[in-house]
Amino acid sequence: MVTLSKSGAYLLNGTEVVETTGDYENLLKSKLGNEYITKEEAAKNTIAYGILADHNTSSNMDKLQIKFDKLTSHDITFVGIIQTARASGLEKFPIPYVLTNCHNSLCAVGGTINEDDHMFGLTCAKKYGGVYVPPHQAVIHQFAREMLAGGGKMILGSDSHTRYGALGTMAMGEGGPELVKQLLSQTYDINMPGVIAVYLSGEPVKGVGPQDVALAIIGAVFANGYVKNKVLEFVGPGVSKLSADFRIGIDVMTTETTCLSSIWSTDDKIKDFYDIHGRSEDYKELNPGNVAYYDGVVYVELDKVKPMIAMPFHPSNTYTIEELNANLMDILDDCEKKALVSLDGQVDFKLKDKVRNGKLYVEQGIIAGCAGGGFENICAAADILKGTSIGSDEFTLSIYPASTPIYVELARNGRLADLMATGAIVKTAFCGPCFGAGDTPANNALSIRHSTRNFPNREGSKLQNSQIASVALMDARSIAATAANKGYLTAATDVDVNFTNPRYFFDKTIYENRVFDSKGVADPSVEIKFGPNIKDWPKMVALTDNLLLKVVSEIHDPVTTTDELIPSGETSSYRSNPLGLAEFTLSRKDPAYVGRAKAVKAAEEARENGKCPCETFEELTPVMNTIKAAYNNISRENIGIGSTIYAVKPGDGSAREQAASCQKVLGGWANIAKEYATKRYRSNLINWGMLPFIYEKDELPFANGDYIFIPEIAKAVTDKAEEIKAYVVKEDGMKEFTLKLGELTDDEREIILKGCLINYNRVG
């Protein structure tokens, strides 16, 4: 189904793969003759290399400085982004910037009134020359596909699932500060990433959908890091066998592999997509050169992919539905044991009680958002469900088309009526089921979803209140088959159905009648509307010469998601209030974190105000005495006091910058990790002036509650020290150990030294 090469590989004429093992050079020379080129030369013939080269503003292709063509954000992130840019001197959006309102468009409890944020976005779009998409019109990525993507272009979004590679657009999801840099005409700086070929062959069997293919890939590459921070390039004869919607459905899920971005070869089916949307001029044929080199190959035999399910609590926890049904109790028992780790044993989580008469019963089905809410997915589900009933028991089915144009076409072609007649509920474009703000299941319920993620609490349950539900990811087709079977898990390949595959017709007037588009013209006279809970970022000080950190949380999960660092869902109602949102930091993982961090922050605030921090936080007294016994030059003026957390591998999941900024506003000055799960989380730390320390050994020299003293940290950052001396401080002395920072650009070092990106760019 999915296999991985053990080496790099050449791709010849887009069809033949030659792995670089054994006597491959002579083999290639025999095949290519005078056309033989080295790996280094052939690597320049990937689609990815060409697009990156076109957007690189540096003279060095090993050290990229990228300027994007367009930007996009949703309402969880755009307020903070624009507030940061305003503090840094923003006058107008230099490139098209689209603000969508798809993440909190239903009323949430407490905090920011949603419409206040929306009006902030609309007035900013007018003032600075942007595009504003009102609530319920489209989820962020569907609007981008319909209206923004372009062949050979690059788009940066503040949502991790910013992936438009199937349309020939290399798109990346990053934290808000990276968008701020683009708004200030700065660059996105990365080393040239590796490129991995995803070689598609065969054709999917009837009933297999894009989520099945995506989950099969994720299951094969996530745990081993095969594609981490690399670009996935989809090639091979199987590409032409897939519709545009099918490709899009695979592409959006590449985020869950931890790759940096994606790009696909394009053809007439993609041209047709642009034609349908009235943007024929934006199509560009993309193919690798006749001889292209890749750093690895993911082989996907499409005809061997079976309906898949990703069990709680990660998209990589994959099985075929056939395998699950054949080994039901064993797999469910294994999932329950894994849950003990994910949930820290805080609740009694059960799955085996879902087995009824030897079959797995689920309480809820959801087809939604940027992954599941596409036209073809919903039409296929309608074909399976037509003439059936979802029943009157616990099972419910909700469907969220990804945009109003899709919704309208489903109404016009009758599929909407077919679905609703079964008992399904069809709702408007909203990302709620993807981030815990819509259709939250009952306690201990299991939901099957064609959406992007199934992390703990991602469905909206509250572990801190002893409430837990869970999500398994599946394709819309198998969700529909399960719904037709009244909630008993069923693969779409097990039902007899005639897929009608109706043609899609896009009605552009829907957006023309409602979406505000400045056409890039700024109007400085517009006054921005600020709701009472839209707050500026608090003052952040520069990095001090020396640093004292208290460890206020210690997490040993194999991977820590950004959802665990700052929960999604109803907490997003505080998204425009940095200090209000920060109250929820680690609330579902380590509820004591906020109190511990605040106590340390109070000591630092005393120091900044010229007072003795030890008087504010008495436990510092013996710590400072121990430090001064070894370093007699330490004083209030040259030692900053902050907090840090340790996690084995933090930062998987969402791009939301709040995972870092909430720690920062609570006095966090660093993270310590064995490794960082994603580039975007590490970048968020850096842009908020936090030190992304690495400690590679398994056995820690410190524990939760310990103090870590780092002398001459500012000098170490300035001098680009590879190793940084640190000490665990005890009353009886100090124990030395070594930290690393990893590679940092000169700008990143300056941002850390200044205290954050705002300070780095601040004007006035």
I need the full set of residues from region 332-365 which are assigned to a loop (DSSP other than H, G, I, E, B) and either among the aliphatic types (A, V, I, L, M) or in contact with a helix residue (DSSP H, G or I) (Cβ under 8 Å, 6 or more places away or on another chain) (or both), in order please.
L343, Q346, V347, F349, K350, L351, G358, V362
From the residues in region 673-696 that are of a type in the set (A, V, I, L, M) and part of a loop (DSSP other than H, G, I, E, B), which one is farthest from L549 (Cα to Cα)?
A677
Could you check, for region 411-429, whether at least one of its residues is under 22 Å from the mean Cα position of the chain (by Cα) and surrounded by fewer than 19 Cβ atoms within 10 Å (Cβ to Cβ)?
no
Residues G22, G33: which one is of a type outside the set (A, V, I, L, M, F, W, C), over 30 Å from D746 (Cα atoms) and in a loop (DSSP other than H, G, I, E, B)?
G22
Enumeration of residues in region 739-753 that are at pLDDT 95 or above, out of contact with any helix residue (DSSP H, G or I) (no Cβ under 8 Å at 6 or more places or on another chain) and part of a helix (DSSP H, G or I)
none
Hey, can you tell me all the residues within region 333-363 that are farther than 20 Å from K589 by Cβ, modelled with pLDDT under 95 and buried (at least 18 other Cβ atoms within 10 Å of the Cβ)?
L351, K354
Filter pass, Y274 being in a strand (DSSP E or B) and among the hydroxyl-bearing types (S, T, Y)
no
Scanning region 61-93 for residues that are surrounded by 24 or more Cβ atoms within 10 Å (Cβ to Cβ) and among the small types (G, A, S) gives S73, G80, A85
Take the residues of region 599-623 that are within 23 Å of M540 (Cβ to Cβ) and of a type in the set (V, I, T): which is surrounded by the most Cβ atoms within 10 Å (Cβ to Cβ)?
V600
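Residue by residue, here is whether (1) closer than 28 Å to P210 by Cα; (2) in the same structural domain as V221 (by TED's automatic domain parsing); (3) buried (at least 19 other Cβ atoms within 10 Å of the Cβ); (4) more than 33 Å from the chain's Cα centre (by Cα) holds:
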site	(1), (2), (3), (4)
Y10	yes, yes, yes, no
G14	yes, yes, no, no
L28	no, yes, yes, yes
K31	no, yes, no, yes
A43	no, yes, yes, no
T57	no, yes, no, no
Say whether the condition of being touching an Asp or Glu at 6+ places or on another chain (Cβ under 7 Å), buried (at least 24 other Cβ atoms within 10 Å of the Cβ) and not in a loop (DSSP other than H, G, I, E, B) is met by at least one residue in region 120-129.
yes
With region 152-269 as the region, which strands (runs of 3 or more DSSP E) entirely inside it contain at least 3 residues that are modelled with pLDDT of 95 or more and buried (at least 23 other Cβ atoms within 10 Å of the Cβ)?
154-157, 170-173, 195-201, 231-235, 261-264
Taking the conditions exactly as written (in contact (Cβ under 8 Å) with a residue 40 or more places away in the chain, part of a loop (DSSP other than H, G, I, E, B), out of contact with any Asp or Glu (no Cβ under 8 Å at 6 or more places or on another chain) and not hydrophobic (A, V, I, L, M, F, W, C)), does K535 satisfy them or not?
yes
Quick check on this structure: which one of K589, K598, K611 is of a type outside the set (D, E), out of contact with any Phe, Trp or Tyr (no Cβ under 9 Å at 6 or more places or on another chain) and either in the same structural domain as R458 (by TED's automatic domain parsing) or closer than 24 Å to C431 by Cα (or both)?
K589
Identify, please: which residue in region 496-511 is free of Cβ contacts under 8 Å to residues at least 60 places away in the same chain and not basic (K, R) and is, among those, surrounded by the most Cβ atoms within 10 Å (Cβ to Cβ)?
T509
Scan region 370-384 and tell me whether some residue there is buried (at least 21 other Cβ atoms within 10 Å of the Cβ) and more than 27 Å from I276 (Cα to Cα).
no
Give me the pairs, please: first residue somewhere in region 52-64 and without any contact (Cβ under 8 Å) to a residue 12 or more places away in the chain, second residue anywhere and in a helix (DSSP H, G or I) and of a type outside the set (A, V, I, L, M, F, W, C), beta-carbon distance under 9 Å, and either six or more positions apart or on two chains.
A53/K44
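For region 460-477, does any single residue satisfy the condition of being within 28 Å of the chain's Cα centre (by Cα), outside the structural domain of A85 (by TED's automatic domain parsing) and under 25 Å from D116 (Cα atoms)?
Taking every residue of region 460-477 in turn, at least one turns out to be within 28 Å of the chain's Cα centre (by Cα), outside the structural domain of A85 (by TED's automatic domain parsing) and under 25 Å from D116 (Cα atoms).
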Residue pairs, Cβ under 7 Å, 6 or more apart or interchain, first in region 430-451 and touching a residue at least 12 places away in the same chain (Cβ under 8 Å), second crowded, with 23+ Cβ neighbours inside 10 Å and of a type in the set (D, E). List them.
G436/E459; T440/E459; P441/E459; S447/E459; H450/D475
Please go through region 588-598 and pick out each residue that is touching a residue at least 24 places away in the same chain (Cβ under 8 Å) and either in a helix (DSSP H, G or I) or surrounded by 20 or more Cβ atoms within 10 Å (Cβ to Cβ) (or both).
R588, K589, Y593, V594, R596, A597, K598
Taking region 697-738 on its own, how many of its residues are assigned to a strand (DSSP E or B) and within 30 Å of Q186 (Cα to Cα)?
1
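Tell me, please, whether a residue that is crowded, with 23+ Cβ neighbours inside 10 Å, of a type in the set (S, T, N, Q) and part of a loop (DSSP other than H, G, I, E, B) can be found in region 651-660.
Step one: list which residues in region 651-660 are crowded, with 23+ Cβ neighbours inside 10 Å, which gives 651-660.
Adding the requirement that they be of a type in the set (S, T, N, Q) leaves 654, 658.
Remaining after also requiring part of a loop (DSSP other than H, G, I, E, B): 654.
Checking region 651-660: at least one residue is crowded, with 23+ Cβ neighbours inside 10 Å, of a type in the set (S, T, N, Q) and part of a loop (DSSP other than H, G, I, E, B).
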Tell me the residue from K628, K601, K611 that is in a helix (DSSP H, G or I) and without any contact (Cβ under 8 Å) to a residue 60 or more places away in the chain, please.
K628
Out of everything in region 42-86 that is of a type in the set (A, V, I, L, M, F, W, C) and under 18 Å from G531 (Cβ atoms), what residue ends up being modelled with the lowest pLDDT?
I76
Anything in region 402-426 that is touching a residue at least 40 places away in the same chain (Cβ under 8 Å) and not β-branched (V, I, T)? List them, or say none.
A402, S403, P405, E409, R412, N413, R415, L419, A424
Just to be sure before I move on: is E376 touching a Pro at 6+ places or on another chain (Cβ under 9 Å), under 21 Å from V471 (Cβ atoms) and charged (D, E, K, R) in the structure I sent?
no
Does region 94-108 contain any residue that is free of Cβ contacts under 8 Å to residues at least 12 places away in the same chain, surrounded by fewer than 22 Cβ atoms within 10 Å (Cβ to Cβ) and on the phi < 0 side of the Ramachandran plot?
yes
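The values are calculated or read from the model by the stated rules, or taken from the named source; none is laboratory data. A quick note: this is a predicted structure, and the numbers were derived from the prediction, not measured. Positions of Cβ are generated from backbone atoms using ideal geometry, with glycine treated the same way; all protein chains shown enter the neighbour counts.
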